[in-house]
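The values are calculated or read from the model by the stated rules, or taken from the named source; none is laboratory data. Keep in mind that what you see is a predicted model, and the values were worked out from it rather than measured. Neighbour counts are summed over all protein chains in view; Cβ atoms, including those assigned to glycine, are modelled from backbone coordinates with ideal geometry.
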Amino acid sequence: MNEFLAMGGYAAYVWPSYALAFILLVANIVAPMLQRKKTVTEIARKLRRARNEQK
Amino acid sequence: MNVFMRWFHKMGSPKYFYEVSGKMIPWFMWTFIITLVYGLYQGMIVSPPDYQQGESVRIMYIHVPAAWMSMFIYVVMAVSGLISLVWRIKMTEIFVISSATVGASFTFLALATGSLWGKPMWGTWWVWDARLTSELILLFLYLGIIALHSAIEDKRVAARAISILALVGVVNIPIIHYSVEWWNTLHQTSSVTMTGKKAMSTSMLIPLLVMSVSFKLYYGAVVLMRARAELLERDRNTRWVEEVVQEDTK
Amino acid sequence: MNPIRKKRLYLIGAMVAGIGVAAWLALNAFDENLMFFFSPTEVVAGKAPTGHPFRIGGLVANESVKRRPDGLTTAFDVTDNDKTVTVEYTGILPDLFREGQGIVALGQLNEGGIFVASEVLAKHDENYMPPEVAESLKTAHDNAVGNTQPQASIQ
């Protein structure tokens, strides 16, 4: 296991590469989820206000 | 009109697109995760170290697919831009901006992993050779598109502006691809080519190709997610969006 | 396609083509600056710039790597299988540096015709294979050719 983590002495280059890939892949999934959620909340709030005014 | 064109036309309707893409995303996501796990298993465990680069060759399984994606996404973006400008289809306009962030991410990833490989192998983090410089210009094009889009208030105008910028920048794609052949560069020439010269052993080619399929599926999922979010924002005052929101917040 | 769309398509086509031509002209004009390095043949022929540092690229000739007495300076021959230039470098060499390997060195020629480098980078080629395969390829190649001189060309 230690040998695997050592990457033949290139651990300092291999693991940051994979870590960065992981971070970017996750970030690009999370960002549109948050964006959509924010928009939905905003529109929902607006709709609620419009309904309350009608009453 | 053939089947594809009819489908394409239908996808032009925002409501239909929103529904269908919502069903497509899980498929892209799961196939992405499966291929990713398999690609990592092949790349990290099964494939051998290189005769010269040793274990550092494993950086390539991220670097090369990321670099391919950076160009692939740009071409998709430019084609969407062309369709948006000529036919004024809202959905393709949304695809242009939805591709930009993920494209920029892959370009950055390709540059950063290349740098991490270059330091131990070449002896430098960075050189200004034709390949590295043209890839850096690609990153600036993506960033320029993102900045231009956020600087223009009217989203239809913004979409047109970034479509033009995307088309202007498309000239950089063949330059990136052929830079290693037209000029002598520190960067090596392509190992995987259409002509089928065999410069890479199969045990290394498998993880490389699996990862590149995986990244394409990932792009499919992410671009649709982003496009749905953009679509809701742009159509926020329409009836169908109100229906979607009511359904969502129930 | 209706006439307006056709016109737009032509306009965009013309724009992309125009930019393509402009880029092509610009790249042609700067062709030399885009070359990352000069080959030993070009250097020997005097095509490389004098008076300011430039890069030389080629293969490290077999059995040419020598340590200078100070223990820090390395001297080796760079070849393109035609002409050869001797390079001297003081410092740490990259991991890929070895005989037969492609390298790119930055520096200047001194009066003795020796290229004094301030930086040596290893150039990797497009070949990727496990050590066993490389070993068997080398054996097969040596048996067939009967020498160990590097035959790969450097781009």
Output the residues belonging to segment C:63-92 that are over 16 Å from the mean Cα position of the chain (by Cα) and within 22 Å of C:Ser39 (Cβ to Cβ).
C:Glu63, C:Ser64, C:Val65, C:Thr74, C:Ala75, C:Glu88, C:Tyr89
Is there any pair linking a residue in segment C:33-55 that is closer than 12 Å to C:Val78 by Cβ to one that is aromatic (Phe, Trp, Tyr), with Cβ under 8 Å and at least six apart or on different chains, and which?
C:Phe37/C:Phe54; C:Phe38/C:Phe54; C:Val43/C:Phe115; C:Arg55/C:Phe36; C:Arg55/C:Phe37; C:Arg55/C:Phe38
Lone qualifier among C:Gly58, C:Gly20, C:Gly13 - being within 25 Å of B:Trp128 (Cβ to Cβ) and not assigned by TED's automatic domain parsing to the domain that holds C:Val104:
C:Gly20
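I need a count of the residues in segment A:8-55 that are in a helix (DSSP H, G or I) and either farther than 24 Å from B:Ile33 by Cα or of a type outside the set (A, V, I, L, M, F, W, C) (or both). Steps first, please.
Residues of segment A:8-55 in a helix (DSSP H, G or I): A:8-9, A:11-54.
Checking which are either farther than 24 Å from B:Ile33 by Cα or of a type outside the set (A, V, I, L, M, F, W, C) (or both) leaves us with A:8-9, A:11-13, A:16-18, A:28, A:32, A:35-54.
Residues in segment A:8-55 being in a helix (DSSP H, G or I) and either farther than 24 Å from B:Ile33 by Cα or of a type outside the set (A, V, I, L, M, F, W, C) (or both): 30 in total.
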Return the residues of segment B:1-18 that are assigned to a helix (DSSP H, G or I) and surrounded by 14 or more Cβ atoms within 10 Å (Cβ to Cβ); say none if nothing qualifies.
B:Phe8, B:Met11, B:Pro14, B:Lys15, B:Tyr16, B:Phe17, B:Tyr18
Of the residues B:Val180, B:Val223, B:Val192, B:Val210, which single one is over 30 Å from B:Gln52 (Cβ atoms), β-branched (Val, Ile, Thr) and crowded, with 17+ Cβ neighbours inside 10 Å?
B:Val223
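When the residues of segment C:47-98 are filtered to those that are of a type in the set (Phe, Trp, Tyr) and either outside any strand (DSSP E or B) or over 26 Å from B:Tyr51 (Cβ atoms) (or both), which remaining residue is modelled with the lowest pLDDT? First the steps, then the outcome.
Going residue by residue through segment C:47-98, those that are of a type in the set (Phe, Trp, Tyr) are C:54, C:76, C:89, C:97.
Among the residues that remain, those that are also either outside any strand (DSSP E or B) or over 26 Å from B:Tyr51 (Cβ atoms) (or both) are: C:54, C:97.
On the way: C:Phe54: 89, C:Phe97: 86.
Within segment C:47-98, the match that is modelled with the lowest pLDDT is C:Phe97.
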Would segment B:104-123 turn up any residue that is part of a helix (DSSP H, G or I), aromatic (Phe, Trp, Tyr) and within 27 Å of B:Arg236 (Cβ to Cβ)?
no
Per the filter on segment C:36-57, residues within 10 Å of chain B (Cβ to nearest Cβ) and of a type in the set (Gly, Ala, Ser) are C:Ser39, C:Gly57
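Return a yes/no flag: does segment C:12-29 have any residue that is among the aliphatic types (A, V, I, L, M) and closer than 19 Å to C:Asn110 by Cβ.
Going residue by residue through segment C:12-29, those that are among the aliphatic types (A, V, I, L, M) are C:12, C:14-17, C:19, C:21-23, C:25-27, C:29.
Filter again for closer than 19 Å to C:Asn110 by Cβ, leaving none.
Scanning segment C:12-29 turns up no residue that is among the aliphatic types (A, V, I, L, M) and closer than 19 Å to C:Asn110 by Cβ.
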Could you please give the count of residues in segment B:226-250 that are within 7 Å of chain A (Cβ to nearest Cβ) and surrounded by 16 or more Cβ atoms within 10 Å (Cβ to Cβ)?
8
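Which members of segment B:20-33 meet the condition of being free of Cβ contacts under 8 Å to residues at least 12 places away in the same chain, surrounded by 14 or more Cβ atoms within 10 Å (Cβ to Cβ) and under 23 Å from B:Thr238 (Cα atoms)? Outline the logic, then answer.
Of the residues in segment B:20-33, the ones free of Cβ contacts under 8 Å to residues at least 12 places away in the same chain are B:20, B:23, B:26-27, B:30, B:33.
Filter again for surrounded by 14 or more Cβ atoms within 10 Å (Cβ to Cβ), leaving B:20, B:33.
Correct list: B:Val20 only.
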What pairs come out if I take residues in segment C:1-25 that are more than 10 Å from B:Val86 (Cα to Cα) and pair them with residues that are of a type in the set (Val, Ile, Thr) whose C-beta lies under 6 Å away, six or more apart or interchain?
C:Ile19/B:Val168; C:Ile19/B:Val171; C:Gly20/B:Val171; C:Ala23/B:Val171
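Can you tell me which residue among B:Trp122, B:Trp87 is of a type in the set (A, V, I, L, M, F, W, C), within 13 Å of another protein chain (Cβ to nearest Cβ), buried (at least 24 other Cβ atoms within 10 Å of the Cβ) and more than 15 Å from the chain's Cα centre (by Cα)? Break it down into steps so the answer makes sense when it comes.
Numbers: B:Trp87 fails: buried (at least 24 other Cβ atoms within 10 Å of the Cβ).
Step by step, each of B:Trp122, B:Trp87 is checked, and only B:Trp122 is of a type in the set (A, V, I, L, M, F, W, C), within 13 Å of another protein chain (Cβ to nearest Cβ), buried (at least 24 other Cβ atoms within 10 Å of the Cβ) and more than 15 Å from the chain's Cα centre (by Cα).
Any idea how many residues of segment B:34-63 are facing chain C (nearest Cβ under 10 Å) and buried (at least 17 other Cβ atoms within 10 Å of the Cβ)? Walk me through how you get there before you give the answer.
We begin by selecting, within segment B:34-63, every residue facing chain C (nearest Cβ under 10 Å); these are B:47-54, B:56-57, B:60.
With buried (at least 17 other Cβ atoms within 10 Å of the Cβ) added as a condition, the list becomes B:47, B:49-54, B:56-57, B:60.
The number of residues fulfilling the criteria is 10.
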Here are some residues: B:Ser212, B:Ser163, B:Ser191, B:Ser203. Which one is over 20 Å from the mean Cα position of the chain (by Cα), part of a helix (DSSP H, G or I) and of a type outside the set (Val, Ile, Thr)?
B:Ser203
Examine segment C:17-35 for a residue that is within 14 Å of chain B (Cβ to nearest Cβ) and closer than 16 Å to C:Ile103 by Cα, and state whether such a residue exists.
yes
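Suppose we keep only residues that are of a type outside the set (A, V, I, L, M, F, W, C) and over 16 Å from C:Asn110 (Cα atoms) within segment C:37-61. Which one would you say is surrounded by the most Cβ atoms within 10 Å (Cβ to Cβ)?
Looking only at segment C:37-61, we keep the residues that are of a type outside the set (A, V, I, L, M, F, W, C), and these are C:39-42, C:46-47, C:49-53, C:55, C:57-58.
Adding the requirement that they be over 16 Å from C:Asn110 (Cα atoms) leaves C:39, C:41-42, C:57-58.
On the way: C:Ser39: 23, C:Thr41: 16, C:Glu42: 18, C:Gly57: 25, C:Gly58: 29.
The extreme case among them is C:Gly58.
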Return the residues of segment C:121-136 that are surrounded by 16 or more Cβ atoms within 10 Å (Cβ to Cβ) and more than 7 Å from chain B (Cβ to nearest Cβ); say none if nothing qualifies.
none
Residue check: is B:Val96 over 18 Å from the mean Cα position of the chain (by Cα), assigned to a helix (DSSP H, G or I) and within 16 Å of B:Gly12 (Cα to Cα)?
no
